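The values are calculated or read from the model by the stated rules, or taken from the named source; none is laboratory data. Note that this is a predicted model, so its numbers are computed, not measured. When we count neighbours, we look across all protein chains shown, and the Cβ atoms used for this are built from the backbone with ideal geometry, even at glycine. Surface areas here come from the heavy atoms of the whole protein model, side chains and all, with no ligands, DNA or RNA. Shrake-Rupley method; radii C 1.70, N 1.55, O 1.52, S 1.80 Å.
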Amino acid sequence: MTAISLGLPEVPVRPIAERRRSRRIQVGPVAVGGGAPVSVQSMTTTRTSDIGATLQQIAELTASGCEIVRVACPTQDDADALATIARKSQIPVIADIHFQPKYVFAAIEAGCAAVRVNPGNIKQFDDKVREIARAAKDHGTPIRIGVNAGSLDRRLLQKYGRATPEALVESALWEASLFEEHGFRDIKISVKHNDPVVMVNAYRQLAAQCDYPLHLGVTEAGPAFQGTIKSAVAFGALLSEGIGDTIRVSLSAPPAEECKVGIQILQSLGLRQRRLEIVSCPSCGRAQVDVYKLADEVTAGLEGMEVPLRVAVMGCVVNGPGEAREADLGVASGNGKGQIFVKGEVVRTVPESKIVETLVDEAMKIAAQMEADGVASGEPEVTAPGTPTVTVSQ
């Protein structure tokens with residue numbers, strides 16, 4: 001059979017929308033806002049005072065693609081551990097402070113890349129802003145004002161009756177204004193809620209009223225499945241409007257899973273260079289192969305692949321050939337065999353028992369060629385707002 005090249009064009013990564021114009025801050029070496037790529041964050045679940053366990057989890061998060069990590073600091077022992085953790089971590093460390101203003105100063109002195117404060121949880125926080133602003137400015141430490149629906153200031157709850165978008169935004173902007181009075185603007189803001197609708201409306205209002213970089217999050221999103229859906233819906237809505245500079249997916253699951261979900265959300269929106277992407281059909285009565293099993297085996301065989309590769313695993317002749325041709329690599333299965341496509345052309349026809357082995361083999365060849373050609377995994381290099389394309393840095 002003669003293979004016919006379809007001459008499929010390469011589709012560049014383009015932003016789904018023009019990014020909102022915002023200030024840029026530096027969280028250690030990671031730029032946030034001002035057109036920088038959207039970064040992915042998570043938070044350790046260890047006791048921060050257990051330095052070894054915390055650094056081990058940070059290493060696991062780093063390996064999963066996490067770019068910024070937050071650690072809790074509820075006790076003096078945790079505060080005492082911050083300097084060692086900040087120094088030894090491979091990614092920037094943010095100290096998460098509630099209730100005790102003294103730990104804000106400890107985190108700044110310890111060399112943390114940033115400090116998150118929750119004004120609703122710190123009594124007489126407003127009285128400490130002058131000192132915090134001075135210390136943060138002296139050390140070049142950004143501050144995240146993190147407003148949560150579950151810990152909103154009582155005055156705002158009395159005013160609005162509940163944690164409305166307006167209440168969340170008013171809280172955040174009020175605290176930001178106190179820092180501004182002391183000439184401090186190295187700030188990013190979050191206004192989190194467990195309801196994606198309230199959260200989205202809060203961020204939309206906040207984005208319209210300030211130019212600070214925004215940290216997106218659906219707080220207490222829930223178990224892995226539910227939390228993934230909530231986060232994907234909320235982040236997708238905001239990022240598709242250009243709103244959002246850094247994200248944290250909050251799941252009742254291991255922190256590395258949060259990073260995987262966050263990265264996949266960004267890849268799906270074209271805000272991050274795609275790596276391995278498996279396209280597989282949901283199966284139906286037309287399928288002549290166990291698509292679920294085939295897709296799982298192909299995914300396992302290609303785990304860890306870093307180059308941007310789209311692999312189609314299809315189970316029938318209706319959509320199979322077309323989807324396989326559109327991918328970098330694909331298989332259209334049926335009648336006990338599979339047609340293997342590479343860049344739109346059929347290169348081999350193999351028995352069903354050889355499909356996974358053949359796809360993995362062809363994927364490795366493509367990956368090797370891409371690396372030889374200088375096409376490796378990378379992040380979009382986002383230019384100034386208004387520029388219509390995103391290029392990939394090599």
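Put a dot 7 Å past each Cα toward the Cβ at R204 and E180; how far apart are the dots in nm?
Between E180 and R204, the simple spin-label model gives 2.3 nm.
Given R₀ = 35 Å, what would the calculated FRET efficiency be for K343 paired with S240, taking r from the Cβ atoms and rounding to 0.05?
0.70
How far apart, in nanometres, would the label points at R130 and R155 be if each is projected 7 angstrom from Cα along the Cα-to-Cβ direction?
Each label point is offset 7 Å from its Cα along the Cβ direction, giving 1.7 nm.
If you take the beta carbon distance between A59 and N335 as r and set R0 to 51 Å, what does 1/(1 + (r/R0)^6) give as a FRET efficiency, to the nearest 0.05?
Result of the calculation: an efficiency of 0.60.
With all protein chains present, how much of the accessible area of the chain (probe radius 1.4 Å) comes from carbon and sulfur, to the nearest whole percent?
Roughly 51 percent of what the probe reaches on the chain is carbon or sulfur.
When every alpha-carbon pair in the chain is counted, what percent end up more than 40 Å apart?
24 percent
Using the membrane-span-like helix rule (whole DSSP H runs, Cα extent along the own axis of at least 18 Å, mean Kyte-Doolittle hydropathy at least 0.0), which helices of the chain qualify?
Those that clear 18 Å and a mean of 0.0 are 51-64, 165-180, 196-209, 224-239, 255-268, 355-372.
Between I278 and Q76, 0.36 nm times their residue separation minus their Cα-Cα distance comes to what?
Taking 0.36 nm per residue and subtracting the Cα distance, the gain is 68.1 nm.
How large is the accessible surface per residue of the chain, computed with a 1.4 Å probe and reported in Å² as a whole number?
45 Å²
Which whole-number percent is the relative contact order of the chain (Cα, under 8 Å, 6+ apart)?
17 percent.
Ignoring ligands and nucleic acids, what accessible area does D296 show with a 1.4 Å probe (Å², nearest 10)?
110 Å²
Collect residues whose amide H, placed 1.01 Å from N in the peptide plane, falls under 5 Å from the amide H of S22; neighbours closer than 5 in sequence don't count.
Sorted by chain and number, the residues that satisfy this are G34, G35.
Tell me, what is the 1.4 Å probe accessible area of M199, in Å² to the nearest 10?
0 Å²
Quick one: if the Förster radius is 35 Å, what FRET efficiency do A368 and R21 give, using the C-beta to C-beta distance and rounding to 0.05?
0.25
Solvent-accessible area of S353, probe 1.4 Å, all protein chains present, reported in Å² to the nearest ten, please.
Solvent-accessible area, nearest 10 Å²: 100 Å².
How many angstrom lie between the C-alpha centres of segment 290-330 and segment 143-179?
If we compute the Cα centre of each part, the gap is 47 Å.
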